[in-house]
1. Return the total of residues in the stretch 1-33 being open to solvent by 30 Å² or more (accessible area, probe 1.4 Å), of a type in the set (Gly, Ala, Ser) and within 15 Å of the ligand (Cβ to nearest atom).
2. Looking for something under 20 Å from ASP199 (Cβ atoms), within 11 Å of the ligand (Cβ to nearest atom) and surrounded by fewer than 24 Cβ atoms within 10 Å (Cβ to Cβ) - is there at least one such residue anywhere in the stretch 114-131?
3. Just one of GLY146, GLY156 is open to solvent by 10 Å² or more (accessible area, probe 1.4 Å), part of a loop (DSSP other than H, G, I, E, B) and over 30 Å from GLY224 (Cα atoms); which is it?
4. Just one of the numbered conditions (1) away from the ligand (no atom under 16 Å from the Cβ); (2) touching a residue at least 24 places away in the same chain (Cβ under 8 Å); (3) assigned to a loop (DSSP other than H, G, I, E, B); (4) at negative phi is not true of ASN212; which one?
5. In the stretch 62-82, what residues are open to solvent by less than 20 Å² (accessible area, probe 1.4 Å) and not in a strand (DSSP E or B)?
Amino acid sequence: MATLDELKKAAGIKAANEIQDGMTVGLGTGSTAAYMVEHLAKRIKEENLNVVGVSTSWSTTLQCRKLGIPLKEMGEVSELDIVIDGADEIDKNKNLIKGRGAAHLLEKIVASMGKRYIIIADSGKKVNTLGEKFAVPLEILPNAIGVVTAKVEALGGKVSVRMGAPGKDGPVISDSGNIIADAKFAPIENPAELSKQLDGIVGLVGHGLFINMATQVILATKNGLEEF
Ligand code: 5RP
């Protein structure tokens, strides 16, 4: 039986094979996205592809530099041919929770530029209702931590600042210098509405609900790849 890593790798390879010569592509963050980046690097070398990446985190940037994938700065582009990323929860409408790796703000900016936004994951990420297992990751401007916490709690979320990154005391700080927290909601019956309410909170610079963004999901199951 395939291991979890083999499932993630199969999804990553399938998505990396969608990339064509001449494309500019958004490269997600996380263990599944890392398999996609690895296979893209192999294709660039073997097929001599002219592909440029836009990275969603320092983690992915360092991997790309190591593997020799040319990168553009996020701020240099406004449209991408394909964006490929992982997710923490996926519902049947392709709505997502993202941000376990604290990269959700930059991931969402890059996703918003994609003509196609492909999500890759193992089938354990599929849920009936978002919020079943995962809290909604938040990215908060440090000076706004008090007001944002109060406003998210008024919407029914139990907020906790994410602590304990290995090798660092105190809160997890994003690649953009903001505080990462998580808001645990009861299963989210109307994720589009909650997303809109979170978008309206001043000082909350990002959250992990990705609504109507993904155009394709590639799920790796024990019986092979499923797409929807
Ligand atoms: C990082 C993310 C990741 O894409 C998400 O957590 C999935 O990661 P993995 O493939 O390691 O399960 O949103 O912020």
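1. Of the residues in that region, 2 qualify.
2. Kept after step one, since they are under 20 Å from ASP199 (Cβ atoms), are these residues of the stretch 114-131: 114, 117, 130-131.
Subset that is within 11 Å of the ligand (Cβ to nearest atom): none.
Among the residues of the stretch 114-131, not one is under 20 Å from ASP199 (Cβ atoms), within 11 Å of the ligand (Cβ to nearest atom) and surrounded by fewer than 24 Cβ atoms within 10 Å (Cβ to Cβ), which makes the answer no.
3. Values: GLY146 fails: part of a loop (DSSP other than H, G, I, E, B).
That would be GLY156, the only listed residue that is open to solvent by 10 Å² or more (accessible area, probe 1.4 Å), part of a loop (DSSP other than H, G, I, E, B) and over 30 Å from GLY224 (Cα atoms).
4. Among (1) away from the ligand (no atom under 16 Å from the Cβ); (2) touching a residue at least 24 places away in the same chain (Cβ under 8 Å); (3) assigned to a loop (DSSP other than H, G, I, E, B); (4) at negative phi, ASN212 violates only (4).
5. CYS64, ILE69
The values are calculated or read from the model by the stated rules, or taken from the named source; none is laboratory data. Worth saying up front: this structure is predicted, and the values here are computed from it rather than measured. Cβ atoms come from the backbone with ideal geometry, glycine included; neighbour counts cover every protein chain shown. Accessible surface is based on the protein model in full, side chains and every heavy atom, while ligands, DNA and RNA are left aside. Shrake-Rupley method; radii C 1.70, N 1.55, O 1.52, S 1.80 Å.
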